[in-house]
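Written below as structure tokens is the structure these notes are about.
The values are calculated or read from the model by the stated rules, or taken from the named source; none is laboratory data. As the structure is a prediction and not an experimental result, all values here were calculated from the model. Cβ coordinates were reconstructed from backbone atoms using ideal geometry, including for glycine residues, and neighbour counts include every protein chain displayed. To get the accessible areas, we keep the full protein, side chains included, count just its heavy atoms, and leave off ligands, DNA and RNA. Shrake-Rupley method; radii C 1.70, N 1.55, O 1.52, S 1.80 Å.
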Amino acid sequence: MYEGMFNALPDAAVLTDRAGEILLINPACITLFQYRPEEVIGKPIDGLLALGKDADVPADFQVHGASGE
């Protein structure tokens, strides 16, 4: 049920585990990044993102994932 809603999102969405490993990407994400799911599933999220030198994206994702915010 949730996977259907996730796939219907109009914006790119990525589901990761707490370590930042990609578990699922939706069709909008596939269109945006031009990667097939099998190319990114199991890889770190920072491989999809253009990180600045001071970015701490995985830690930020962990906080939001743990808190639900």
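Quick notes
- Filter result (at pLDDT 85 or above and surrounded by 13 or more Cβ atoms within 10 Å (Cβ to Cβ)) within the stretch 41-69: I41, K43, P44, I45
- Scanning the stretch 22-40 for residues that are open to solvent by 80 Å² or more (accessible area, probe 1.4 Å) and either touching a His at 6+ places or on another chain (Cβ under 8 Å) or not in a loop (DSSP other than H, G, I, E, B) (or both) turns up L23, T31, L32, E38.
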